[in-house]
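Read through the structure below, which is laid out as structure tokens, and then see the notes.
Computed from the coordinates by the stated procedures, all read-outs in this text should not be read as laboratory data. Given the structure is predicted, the values throughout are model-derived calculations rather than measurements. Cβ placement follows ideal geometry from the backbone for every residue including glycine, while neighbour counts extend to all protein chains displayed.
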Amino acid sequence: MNFLKTKDGLILKRWNSYIHNRTFRYFLLGFVGLLLVSCFGALLSIHLNQLYDVAAMSYHVQPTPSGQGSAQKDSSGASSSRGASSVLPRAGSASGSGRTSSAQKQGPVSSGKPPEQELPAALPAYQSMYPNLFVKPAAKKAAPDGKVVYLTFDDGPSNLTMPLLNVLDRYHVKATFFVVGKTGKKDLAAMKAIVARGNAIGVHSYTHKMNQIYVSPAAFLQDFAKMHDLIQKTTGVDTHIYRFAGGSVNSFNKRTAKAILAEMNRRGYTYFDWNVSSDDALAHSTASSIYSKVIREVHQHPHSVVLMHNTNTKKATLSEVPHIIETLLKEGYRFETLGDMVDNTPYIFRLPN
Ligand code: ZN
């Protein structure tokens, strides 16, 4: 028999019979197909891993906040101080293709996470705005001894500022004025007089437009810087204190309050809300409601920061200041001014989580 002649001939004949077997052909086709699919899958997985890795890196490098342009994305280590950011590498140069190649050099990627030490933490752009807006906070903050009242007047100067200063002088009482950006001749003179007569002055807001200043930390800083500058040019005072327009907790800063506060604290400024409100901004307030609310609430605290206003329309407030001062002096309170040496914690509102 032919196929017994050689070994090779025998194998060839068997192979031929296998090849012509339909089941075997399907089996072979399936095997090769499976092989191709698994090769393709492995390649795809490696490629996706690398893509994910690069994406994760560029996400890390992107600065997060605040709608400011991308031009000044400073990056640095953990702490920053005045002017320090300018010598540090730009985040922009650390991202993009340079990063891609270093990610690929790591070879097979298991976790998809880049090594942390390679990534400088990106700082928000607003941290490098207004490099002169930094103050050294008071070394020691303290609560005062005895019964103390801090009278505070917001939203001035106005044509009622000089009359109010006259009243305060009459009782040898000093108060704290959180002022806004009014630049008329009389307003600037009144702002000057606030300081010249021994009262404290702080930033309230330049525009007091709450729907604008709380849009972002950058917008807040811009408004703050403008007011701080006007106070300094007009009175010579480089004030370290401020009061938020509408208070630190209001309906306009829900998204931005945390970031704005963190930034202002980083810059060393001290803000004061209040623990006594005269409610003189309410439409239904009267001279007697202002007086009785202030006295009643002052009695509830050893130390009070009293919120009042000093706009052109606050005649009732002005008319009640002598009465309020007389009563509280008789009861043994003394009046002091706010500054960054005053511990603000009893007077600031708690941010909702
Ligand atoms: Zn105000």
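Under 18 Å from a label point set 7 Å out along the Cα-to-Cβ vector of Val167, the amide N atoms of the range 258-297 belong to 276-297.
Between Phe134 and Lys258, take the C-beta separation as r, use R0 = 25 Å, and let me know the FRET efficiency to the nearest 0.05. Walk me through the numbers before you get to the answer.
Details: r = 20 Å, r/R0 = 0.80.
Computed FRET efficiency for Phe134 and Lys258: 0.80.
Summarising the label geometry, the points placed 7 Å from Cα in the beta-carbon direction at Lys141 and Ala196 lie 3.3 nm from one another. Sorted from longest to shortest, the spans of the Cα atoms of the range 195-353 along the three principal axes equal 45, 36, 30 Å. Calculated FRET efficiency, Met341 to Leu34, Cβ-Cβ distance, R0 = 56 Å: about 0.10 to the nearest 0.05.
Give Lys254/Lys293; Lys209/Lys293; Lys182/Lys226; Lys147/Lys293 a once-over and call out the pairs whose C-alpha atoms are over 21 Å from each other.
The pairs that break the limit, which is 21 Å between Cα atoms, are Lys254/Lys293; Lys209/Lys293.
Taking the fewest neighbouring Cβ atoms within 10 Å as the starting point, the ordered list for Met264, Met162 is Met162, Met264. Electrostatic tally near Tyr242: other residues with Cβ closer than 15 Å to its Cβ, Lys and Arg +1, Asp and Glu -1, net -4. On full extension, the segment bounded by Ser289 and Thr23 gains 85.8 nm, given 0.36 nm per residue less the C-alpha separation.
The modelled label-to-label distance for the pair Phe349/Ala189, using points 7 Å beyond Cα in the direction of Cβ, is 3.6 nm.
For the range 222-276, the Cβ-based charge dipole about the Cα centre amounts to some 200 debye (Lys, Arg positive; Asp, Glu negative; other atoms uncharged).
Rg then Dmax, both in Å and based on the Cα atoms of the range 178-270: 13.2, 39.
The range 316-353 and the range 190-253 have Cα centres spaced 19 Å apart.
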